[in-house]
Amino acid sequence: MLGRIATMSLGRFMLVYASPAVIFAAVAMLLYQGLSLDPRVIPSVMIDKPVPTFDLPPVANHTAGLSSADLHKGQVVLVNVFASWCVSCRVEHPLLLELKRQGVLPVYGIAYKDNPKDSAAWLAQLGDPYSRTGADVSGRVGIDFGVYGVPESYLIGKDGRIAYKQIGPITPDDLQNKILPLARKLGGQG
Amino acid sequence: MIAETGHFAMILALAVALVQGTLPLVGAQRNHLPWMAMAGPAALAQCLLAAIAFFSLMTAHIVSDFSVLNVVQNSHSAKPMLYKVAGVWGNHEGSLLLWIFILTVYGAAVALFGRNLPAGLRARVLAVQAWIAIGFLLFTLLTSNPFVRVDPAPADGQGLNPLLQDPGLAFHPPFLYLGYVGFSMAFAFAIAALIEGRVDPAWARWVRPWTLVAWCFLTTGIAMGSWWAYYTLGWGGWWYWDPVENASFMPWLAGTALLHSAIVVEKRDSLKSWTILLAILTFTLSLLGTFLVRSGVLTSVHAFASDPARGIFILAFLVLVVGGSLVLFAVRAPTLQSGGLFAPLSREGALVLNNLLLATACGTVLLGTLYPLLLDAITGEKVSVGPPFFNAVFIPLMVPLIGALAIGPLLAWKRGDLAGAIGRLKAAFAFAAIMALGTWWWLSNGPLLAVLGMALVGWLAVGVLVELAERLRLFRVPLAESWARARHLPRATYGMSIAHFGVALVVLGIAASGTWQSDYLGVLKPGQTVTVGPYDFTLQSVGPVPGPNYQAMRGTFLVSRDGQPVAVMQPETRRYPVPPMDTTSSALRATPIADLYAVIGEPDGKGGYAARLYHKPLVSWIWLGAMVMVLGGLVSLSDRRHRVGAPSRRKGALAGAAVEAARA
């Protein structure tokens, strides 16, 4: 093709010259499509699986720790994985406080790879939306849940199975259109 | 105050760029000299303003001004000074500012050293440059302003990703950008030529050195990135076919093709429209790299914090710039007068083969990079395309390329004599056979790829020497005459030989390190000894060591060979408190013969530690070879023909100045 381009006479094979533009248009459309897709959304293998077995102590100054038994009490709950060093956690935090105020869905917290004192100070400063907290200092429980970044949230059904996984901060839109409807469907109080 | 100065300078630079992008262009169309002449001073003013903006941000980082959001998010007061400076471009906003600054430095270089360019071409080139600058300035000002303040200012920053706190990485992005942005010069010249409807050897003589400068920087940048991945990530590999690595590799492949096709335009006045297309594509791929890294379309270890609004903006910019130029190409390219004809077997033919193979390689890398996106868009299925795909398609393309690399330079222009060329390569053929048989014997039926790789090394290295000897008529005329020929041979010829020899060294490093590597992966207790290759590694002790802004656990290995101590190696695992992150710091003992490489990992709780030990023969030649290629490029740049007629004598100094500026 190169030789042809080199020796082609005027006006012939105009299509050859237009083809780069056409191919580029197709690639650009693909890239546009790509913008609305999120490659980070990877279907979690934990969906519909029972929560892993664990027993975590509470973060400093809190009374109730968190264990897998707490998730098998026939209640729909939201387990939120957070850390005091996590910036995005601050973003979703007011939403969790609002959730607690409304009392529609219990929220349990797992402080992921965080010093329990730091977690406690963080909760004291920003408000505590969690009815139970677990200090996962080593990150072991997080690994069992399949956490690969904070914040992440898991909606647990009455049967103690993971029904939904939220990667990244919860937005009001996620809450109203995904999490709460699903919680209602699972038969929670919401 | 300093942040506002920088912000204001950026806005002024945008205003200047708007003038530079319009008046000279109109002036060139109407042959109005004063308007055309505005391009030069405008380019200089823009460079000055971009420098003010860039150094304002750098000052904010150096003094740890935590009232600037960018500093808060990417710096920390306890960070060593080197990384405070490097932190300027270790983030999305700052790296864009660096990009703009480099772009304007190139523009200023055309204004300063391009005085003998035809006035119309110079005006148009600078106008096109200005439009690229406008796009990036708007992008930065509208979506990614690095000068945003925070109130109240926090007491300290959030720190820089510890993986990026490495001297090798500190200078990797500036080199990469000098390469990427450097291809904007070839692009600007290509668009200017399309507007004028004229491409001639003089044009190619202008484009080639700029492409060569960009290519040298990009090669250096990629080699540095690969070297960084090799010794910091602790995986022992040196290339991962990560989308962002590919994003820098694609413009390199296209740029290498451009470098070769521009020779044909310069010497033979042929392959014009193809060369123009390559110039456009090379810069397109540079922009595409920017898009992929910053839009969050693909996942990668390199991805900056992504934001769909930014993605839309870059995509729109990409469509405007690339779509516009490809439409211009479709309209104007058919009118380009084609020059000399040539037979398929000729120097031109060999260069076309080079271009075909490089362009195909570039296309396959593009396909592999975008395939996960394509599949996700069509079926919603998530896949990642990894080394197996790339190795399977890339190696079969590189083998004939390297095979032909030894032959091409021996062919004459217009009509070459293949049999004669191969006849002259008898020595290379013999050497390749010896290397292949030697490898075969040593490995006793080892992998075919290793045998092939070593044969190619012998073929290419000796082929390059044969070609040089042919030019000097070495051993066929008296030595004195050969010496006289050697002194009169153009530097570009030496540059070519050196660069091609560098390729042989890179292949040597890749083939040998892959074939003869030995390793140990397992748990070691202090006092235990393992044998890796010809060396014995004894883990002497493991203990905590404080670092400037991290806590390290350091293992000490005593390395010996035949009972003689050779080295003490101390790999570390580092734990950074802000942001919390563990990194491995491998210990490396690099020699031209072989690298020893040690990584220490997690304790197993029973007194042992996970350890990885490697012995990698000749692996350094991958990067040394790349540097030899760059050296070839620099020697070629110093060629007389780039200095005579074109006042680019100070180009070396200029490139140096650009590096200095980027480092400062």
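Out of the helices (runs of 4 or more DSSP H) lying entirely within segment B:167-247, which hold 2 or more residues that are under 12 Å from the mean Cα position of the chain (by Cα)? Spell out the reasoning first.
Working: elements: B:167-170, B:172-196, B:201-232.
It comes to B:172-196, B:201-232.
Based on what the data block shows, is B:Val319 modelled with pLDDT of 75 or more, within 21 Å of B:Leu366 (Cα to Cα) and at the interface with another protein chain (Cβ under 9 Å from one of its Cβ atoms)?
Details: modelled with pLDDT of 75 or more: yes; within 21 Å of B:Leu366 (Cα to Cα): yes; at the interface with another protein chain (Cβ under 9 Å from one of its Cβ atoms): yes.
So B:Val319 fits the description; yes.
Every residue in segment B:273-297 that is assigned to a helix (DSSP H, G or I) and touching an Asp or Glu at 6+ places or on another chain (Cβ under 9 Å), please. Let's see the steps before the verdict.
First, pick out the residues of segment B:273-297 that are assigned to a helix (DSSP H, G or I): B:273-295.
Within segment B:273-297, B:Arg294, B:Ser295 meet the criteria.
Starting from residues that are in contact with a Lys or Arg (Cβ under 7 Å, 6 or more places away or on another chain) and of a type in the set (S, T, N, Q), keep the ones in segment B:503-522 and report whichever is farthest from B:Phe537 (Cα to Cα).
Among residues in segment B:503-522 that are in contact with a Lys or Arg (Cβ under 7 Å, 6 or more places away or on another chain) and of a type in the set (S, T, N, Q), the one farthest from B:Phe537 (Cα to Cα) is B:Ser513.
Within segment B:255-272, can you find the residues that are open to solvent by 10 Å² or more (accessible area, probe 1.4 Å), part of a helix (DSSP H, G or I) and within 14 Å of chain A (Cβ to nearest Cβ)?
Of everything in segment B:255-272, those that are open to solvent by 10 Å² or more (accessible area, probe 1.4 Å), part of a helix (DSSP H, G or I) and within 14 Å of chain A (Cβ to nearest Cβ) turn out to be B:His260, B:Ile263, B:Lys267, B:Arg268, B:Lys272.
Give the residues of segment B:343-372 that are hydrophobic (A, V, I, L, M, F, W, C) and closer than 15 Å to B:Met250 by Cβ, sorted by residue number. First the steps, then the outcome.
Kept after step one, since they are hydrophobic (A, V, I, L, M, F, W, C), are these residues of segment B:343-372: B:343, B:345, B:350-353, B:356-359, B:361-362, B:365-367, B:370.
The answer is B:Leu357, B:Leu358, B:Ala359, B:Ala361, B:Cys362, B:Val365, B:Leu366, B:Leu367, B:Leu370.
Grab the helices (runs of 4 or more DSSP H) fully contained in segment B:558-664, keeping just those with 3 or more residues being among the hydrophobic types (A, V, I, L, M, F, W, C), modelled with pLDDT of 90 or more and within 21 Å of the chain's Cα centre (by Cα). Spell out how you get there, then give the answer.
On the way: elements: B:621-637, B:640-643, B:651-663.
Answer list for segment B:558-664: B:621-637.
Limited to segment A:123-153, what total is found for residues that are over 16 Å from A:Leu95 (Cβ atoms) and either crowded, with 22+ Cβ neighbours inside 10 Å or of a type outside the set (S, T, N, Q) (or both)?
Matching residues across segment A:123-153 total 18.
Answer yes if at least one residue in segment B:379-396 is surrounded by fewer than 18 Cβ atoms within 10 Å (Cβ to Cβ), facing chain A (nearest Cβ under 10 Å) and of a type in the set (Gly, Ala, Ser), and no otherwise.
Yes.
In this structure, is B:Ile510 at pLDDT 90 or above and open to solvent by 80 Å² or more (accessible area, probe 1.4 Å)?
Details: at pLDDT 90 or above: yes; open to solvent by 80 Å² or more (accessible area, probe 1.4 Å): no.
Judged against the criteria, B:Ile510 is not a match.
May I ask you to list the residues in segment A:155-174 that are outside any loop (DSSP other than H, G, I, E, B) and touching a Leu at 6+ places or on another chain (Cβ under 7 Å)?
Within segment A:155-174, A:Leu155, A:Ile156, A:Ala163, A:Tyr164, A:Pro172 qualify.
Can you tell me which residue is farthest from B:Phe317 (Cα to Cα) among those in segment B:115-160 that are open to solvent by less than 50 Å² (accessible area, probe 1.4 Å) and basic (Lys, Arg)?
B:Arg122
State yes or no: is A:Gly65 more than 14 Å from chain B (Cβ to nearest Cβ), over 17 Å from the mean Cα position of the chain (by Cα), at pLDDT 80 or above and open to solvent by 30 Å² or more (accessible area, probe 1.4 Å)? Spell out how you get there, then give the answer.
On the way: more than 14 Å from chain B (Cβ to nearest Cβ): yes; over 17 Å from the mean Cα position of the chain (by Cα): yes; at pLDDT 80 or above: yes; open to solvent by 30 Å² or more (accessible area, probe 1.4 Å): no.
No; evaluated as a whole, the condition is false for this residue.
State all residues of segment B:400-451 that are of a type in the set (Ser, Thr, Tyr) and loosely packed, with under 14 Cβ neighbours inside 10 Å; if no residue qualifies, say none. Talk me through it step by step, then tell me what you get.
Within segment B:400-451, the first condition is being of a type in the set (Ser, Thr, Tyr), and the residues that meet it are B:439, B:444.
Of everything in segment B:400-451, just one residue is of a type in the set (Ser, Thr, Tyr) and loosely packed, with under 14 Cβ neighbours inside 10 Å, namely B:Ser444.
B:Gly40 versus (1) within 30 Å of B:Asp156 (Cα to Cα); (2) in contact (Cβ under 8 Å) with a residue 24 or more places away in the chain: which is the lone unmet condition?
It fails just one condition, (1).
The values are calculated or read from the model by the stated rules, or taken from the named source; none is laboratory data. Computed from a predicted structure; not experimentally measured. Every residue, glycine among them, receives a Cβ derived from its backbone with ideal geometry; neighbour counts consider all protein chains shown. Remember, those area values only see protein heavy atoms, side chains included, never the ligands or the DNA or RNA. Shrake-Rupley method; radii C 1.70, N 1.55, O 1.52, S 1.80 Å.
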